[in-house]
Structures are given as C-alpha cells and as structure tokens.
Amino acid sequence: MNRFTPAQIRRVLVSTLFALVAPGVLPAQVKSEPPKKEEAVVLSKFQVTETRGKGYVSQSSVTGLKSRALLIDIPQSVLVVPRDVIEDLGQVINVADTVKFVSAGTMSYSRIGDFQMQRGYRTGYVLLDGQIDLAQYSDSIMIDSFEVVKGPTAVLFGARTNVAGAILKHSRKPLPVNRRTVRVSGGEGGLIRGELDVTGPAASIGEARVSYRAYAAAQEYDGFERVDHDNRLAFGGGLKIDFDRNTSLLLQGDFFSNDALPNMNHFDDEARTGTYTGLGAEKGYTTRWENSAIDRTWGRATLSHRFSDRWEVVAGLVYNNLDRDDQGIYNRSVDWARNTLNQSYIAWIFNQKLGSVQIDVSGDFNLFGLKHRSTFGIAIERTRSDNRDWAVPTLSTLINNPNTYDIPKFNFFTFAPDGTTNPARTIRTEFFGYYMHTLDLIPDSLSLVAGYQSTHLTTVNKNKVTQAATEVRTTGEPYRVGVVYKPRSVKGLAFYVNNSTMFQGGGARTPDGRILPPLIGEVKEIGIKTDLYEGRISSTISLFDLTVANVPVPRTDPVTGITANFPSGQQRNKGFEFDLAVRPVRDWTIMAGIYQGDIIGQNGLRQANTINKSHNALTRYDFSSGGLKGLFVGASTFGRGARV
C-alpha cells in the first residue's frame, strides 16, 4: 500500500486550510444554538438534514429503529449524540469513543477502530446509515451523529449486532443550503489537524435539484509515549438528486488512510491492581517500527421514494473494502520471579470486501379505529475475507530495563512466506427479512410494539494452501416485544417494558479451526423516560436482565503467543443505567450517566476481564450576549471500574 508521510499531510492540507482561512474565504464555525423542541433531527429518515448547530440534546430518533419515532415513544433505551458533541469533544484518535462521555455503560473496547462496549459486552459491527460497515475504521469528518441503542437490535439489523446494543453512525450528507467550514486544531502529543467541509446546491435540471457535499481531513499525531502515533488522511462526499418532492437519489463515497499504533503493550502490575508503572515503564515495551496501516473505501447509493404522506421506501446498495497490515511486538506473559517480559513478533495482513443490498418500507395507517405503524424489509450481504498472520515467540526483555524499542525489524515473509497459521479465506453470506409493528391502543398514552426476523447465514472457510473447505449454515429467529405507557396526567413521562432476543452468527474459531456456535441472547428490560419542561429535562432509567450463551473468550497460548477462542457457556448481567440531560437555563446543558452491572458466568463468579461500573458527565455553556457572545466553555469526564 502507498503511504502518506506525516510531513506530506501537514504541508499540503494544513497549509491549504490556512491559506483559505487567511483571506476570509470561508466563515468561522457556526455557533451552536440550544435546540428547539424536536428540532435536532427530523422524523422522516428520507429527508436529508444534519444535527450540527442544534445543541447537545435530541428528542427524536435519527433512523435507529427505521421508523418515525420520538425517543420517549421507543420501548428501549436510545440516545442520540449530535455533531456538536462530536466536534466539541474532539475524539480524533477514536471518534466512536465520543459516546462514552454521553451514554451510560458505553466505553471503548480497543485503541483503534469503532468497536465499543455496552453493558459489559463488545458491540457488534457498527452500522453506517442503517447498513453494516465492515471496515470498522473512520474519521470524525465523515460522521454527522451517533445513535446509541441499548439492548438487542437483531430484528432490524441482522446477525452482526450484539445482545448489549448497537452503535449507529450517520454520515454527513449533501444539503440544499450553502455551508462552508474550515477547522484547524492542535494539541498535546504533537497533534495538528485540519478539516474542510463544504455543501450546498449544485445545479437544477428541469424539476430536479442537485446538491453536493465534499469534506477532507488530515492529521499528524506523535502521542505521549516513546512509540505512539496516529497519522491519517480522509476525504469524501456525495451528490443528492431530488427528482421531485417524493423521489431522490443519494450517491456517497469516502476514503480513509491511517497509520497508527494498535497496541501500547501495557500489562498489569504484580498485584494486579492496575497498569505497571514501575522502573522500566518509562522506556516502554513497544518497538519503534510497530504500526497498523489501514486503508478503507466506502461507497453507497440510496434511492428513496415517498408513495404518500404516510408510506415511504428506501433501497440502499453498499460497497466496503478494507486493507490492514499490522507489524509489531506483543506481550505473551510476565515472569515476575525472573523480572522478565516474554514477547512475540506479530504480523497480520488482512483484506475484507463487502457488498450489501437492503430495502426498507415504513408507513402508518388506521384500522378498526386504531393507529398502526409498520416497518418491514429485506437485506442481503456478502463478505470475503483473506487473512494471513504470524506469531514468532522468540523474545524476552527485562521488565525494569527493557530493550524492546531497539529490536530490529523482523522479516516475516522470509521466516514463513504463507504465515505461521494457514492462510484462510472466509466467505459469508447473510439474508434476512424482518417485520416491525406498533399499535396505539390508547392514542398518545398506550402503545404495543412487536417485531420478528428470520436470518439465514452461510459461512465458508477455505485453507488457501490445502484448499480444504468447511461450510456452516445457521438460522436464527430473533424477536422484539415492548409496551410504552404515557400517563396523560403528566406530559413528558413514559414507562416502558421490553423483551428482545438476538442471534449472532458464528465467526470465532477454536484452535483446531472449528467455527463456534452462534451467540444467542435475551434481554428483559423495564424503564422510565422523561421529556419534561419542553425538553429541558430528558432522562432514561433502565433496569435490565441480560443472558447470553456461546460467547467466544480469547485465550493466548503462553508458549506460542497465538490467541484462539473458546466458548464460555452462559453468562448473565443484571444491572441498571441512568442517562440524564438537563438545561437549567437556555444556554447551559448538562449530561450525565451511571452504569452498574456484573457479568456472572456459569460458576456463579464475575467473569474475568469485565468492567462492572462506569460514570460519565458532559457540560457546555454558551455566551449568547455581551462582550463574550459567540464563546462557549465546557468540560467532560469519564470513569470506570477496574477489570477483574
């Protein structure tokens, strides 16, 4: 892969951005105004808008549950993270990490990539505009907002999602109004970053109207440790053609290139009370040439049509390509008696391609004097993954005087041209159809929700040396039922109950190459939601009882350094979450959350390597008048319990 050096990125793009800013060609960043009721997002998933400049708090779902719905009407904990939060927090190393400051029980799973943890479990694949985005790497310049859905979403999104919930990304789309933004920022660790975003009307062809969007970002980051970097280039955009008020075509695409350090090689101290910070830790345990090189390409075509004011359909076609090349040194084991850290040379070359088609139809109607809302659709996706990896367990270094940094680069291809594990190709085909229905038994007071899905999954794994192949076929039928009750005596208060299941197709493998059984799980949840005083107090309190079986647990062989998966049996997590958003005065927003839950295994003990509590808070105050008008200040915090 051709790589962009940090110097090239900085000189070309950042210099260009400064040149644009200097003569005042592009206006400054738009000031965020507090949102009006139901303004932050639109109810129709086919009307293109954005959340930027509309505050931190949203009362409406973006497209998370594929229907027009206020958050208070959904029998599930759902939270929207608008563009203003993304920009203010500036999580440029891992943009998905933004949600941990806003959503209770959500936290990062790894240093790079979009994977997160919810309710103690790693999320499934992040969804982009309602479809699977297998290339789990992105930049904040590409994203308008996140939607955090807690609890199973398999009925709507298939076997890639998790029992604990889903993180939904919403892309930045063309707008019919002119907006131009340049941002240049810097920070600790040698961070320098530039962003450009332009959108507006492009042309008129008869009755058709065409709008466009283009964006780009470049970044150089040296980090805080001896080896710690994240250098990237991202660009993309799209065209939206409105043929008339009912029919539109949206064409989008972007490219993301990233060089980053995938692993810090930290390890626990001897008493397992936290990360080792003693003698030698200041030198680090990472080699100077360690790197993860990622190239991601994404394209999407979306055709939408509104049959009437009540019924609409959207059809989406998506293509993903991901190339990843990792090389470095990983920790295997610690021998405190001999003051020794055992390590392995590790390399991984991976390519993954995805093609998917999805059609969704939604609408509402009256029958027997009652209001009904229906959403149904089908999806087909096919992925091909090619994988080679190396693990060479020949290294050891002193804990208190490590020499890892100066170890020469290892030639993996000379050692084993095909990899120390047999190179493999996996082809995965998934087809599912679903139906969701909402019935308003008592208008604006009592509603019932039910949904069903059928998934058919085929996974073929082929050894590219021996040509031996295995095929596994699995099926799943997740469901979702819920009730929402809003007492008419208290406007903005709702009680809900929800029972939903998930099915996640097998993919993890045992040491002998067998595919583990699919994950199956169930969540029972009750909660209270508020949207009081015209949106000034929004909250969700939820109690959940989560069970899941066949969870793959990775274990690393202390001799070879190779990690493989084993089934863990059934696990259970009973806990609670509390999300709160308050605007005490017009220009001040406070958001906070608390999560508590213990994942218990079949032995009745808390599962290893799990986190059982977290807290988060975020606040912002805007000066809307006087000499400081246009200025805002804010702060954020996040904390979590220790891993067992």
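The values are calculated or read from the model by the stated rules, or taken from the named source; none is laboratory data. Keep in mind that this is a model prediction, so the values were computed, not measured. So basically every Cβ, Gly included, is an ideal-geometry build from the backbone, and we count neighbours across all protein chains shown. These area figures cover heavy atoms from the full protein model, side chains too; ligands, DNA and RNA do not enter into them. Shrake-Rupley method; radii C 1.70, N 1.55, O 1.52, S 1.80 Å.
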Within segment 110-131, is even one residue among the aromatic types (Phe, Trp, Tyr) and farther than 27 Å from PHE235 by Cβ? yes
Over segment 66-88, the set of residues assigned to a loop (DSSP other than H, G, I, E, B) and either within 19 Å of SER500 (Cα to Cα) or of a type in the set (S, T, N, Q) (or both) is LYS66, SER67, ALA69, ILE74, PRO75, GLN76
Scanning segment 173-188 for residues that are in contact with an Asp or Glu (Cβ under 8 Å, 6 or more places away or on another chain) and either among the hydrophobic types (A, V, I, L, M, F, W, C) or surrounded by 24 or more Cβ atoms within 10 Å (Cβ to Cβ) (or both) gives LEU175, VAL182, VAL184
Of all residues making up segment 356-404, the number that are closer than 30 Å to PHE267 by Cα and part of a strand (DSSP E or B): 12
Against the definition (at negative phi, free of Cβ contacts under 8 Å to residues at least 40 places away in the same chain and not small (Gly, Ala, Ser)), how does ASP335 come out, yes or no? yes
Tell me, please, whether a residue that is in a strand (DSSP E or B) and of a type in the set (Lys, Arg) can be found in segment 307-319. no
Just need a number here: residues in segment 189-225 that are surrounded by 17 or more Cβ atoms within 10 Å (Cβ to Cβ), within 30 Å of ARG288 (Cβ to Cβ) and among the aromatic types (Phe, Trp, Tyr). 1
Could you say whether any residue in segment 263-285 is on the phi < 0 side of the Ramachandran plot, assigned to a loop (DSSP other than H, G, I, E, B) and open to solvent by less than 20 Å² (accessible area, probe 1.4 Å)? yes
So LYS491 passes all but one of these: (1) open to solvent by 30 Å² or more (accessible area, probe 1.4 Å); (2) modelled with pLDDT of 90 or more; (3) closer than 15 Å to PRO478 by Cβ. Which condition number does it fail? (3)
Scan segment 593-611 and give yes if some residue there is open to solvent by less than 40 Å² (accessible area, probe 1.4 Å), in contact with a His (Cβ under 8 Å, 6 or more places away or on another chain) and of a type in the set (A, V, I, L, M, F, W, C), otherwise no. no
If you take the residues of segment 438-472 that are in contact with a helix residue (DSSP H, G or I) (Cβ under 9 Å, 6 or more places away or on another chain) and not hydrophobic (A, V, I, L, M, F, W, C), which of them is most open to solvent (accessible area, probe 1.4 Å)? TYR452
Does segment 323-330 contain at least one residue that is at pLDDT 90 or above and open to solvent by 50 Å² or more (accessible area, probe 1.4 Å)? no
Out of (1) more than 25 Å from the chain's Cα centre (by Cα); (2) under 30 Å from TYR435 (Cβ atoms); (3) at pLDDT 95 or above; (4) among the small types (Gly, Ala, Ser), the odd one out for ALA301 is which? (1)
I'm trying to understand the selection: among the residues of segment 304-313, which are surrounded by fewer than 20 Cβ atoms within 10 Å (Cβ to Cβ), in contact (Cβ under 8 Å) with a residue 60 or more places away in the chain and under 30 Å from the mean Cα position of the chain (by Cα)? ARG306
Quick one: would you say SER103 is among the small types (Gly, Ala, Ser) and in contact with a Pro (Cβ under 8 Å, 6 or more places away or on another chain)? no
Could you look through segment 348-395, keep only residues that are open to solvent by 30 Å² or more (accessible area, probe 1.4 Å) and aliphatic (A, V, I, L, M), and pick out the one that is nearest to SER445 (Cα to Cα)? LEU370
Restricting to segment 577-586, name every residue that is surrounded by fewer than 16 Cβ atoms within 10 Å (Cβ to Cβ) and either at pLDDT 95 or above or assigned to a strand (DSSP E or B) (or both). PRO584, VAL585
Test for GLN352: is it in a strand (DSSP E or B) and either among the charged types (D, E, K, R) or under 23 Å from LEU322 (Cα atoms) (or both): yes
Going by the structure shown, is ASP228 under 22 Å from GLN91 (Cβ atoms), surrounded by fewer than 20 Cβ atoms within 10 Å (Cβ to Cβ) and touching a residue at least 24 places away in the same chain (Cβ under 8 Å)? yes
With the checklist (1) out of contact with any Leu (no Cβ under 7 Å at 6 or more places or on another chain); (2) open to solvent by less than 40 Å² (accessible area, probe 1.4 Å); (3) at pLDDT 95 or above in hand, flag the one item PHE235 doesn't pass. (2)
Filtering segment 552-568 down to residues that are open to solvent by 20 Å² or more (accessible area, probe 1.4 Å) and not in a strand (DSSP E or B), which residue is modelled with the highest pLDDT? SER568
Restricting the search to segment 243-258, which residues are surrounded by fewer than 20 Cβ atoms within 10 Å (Cβ to Cβ) and not aromatic (Phe, Trp, Tyr)? ASP244, ARG245, ASN246, THR247, LEU249, LEU251, GLY253
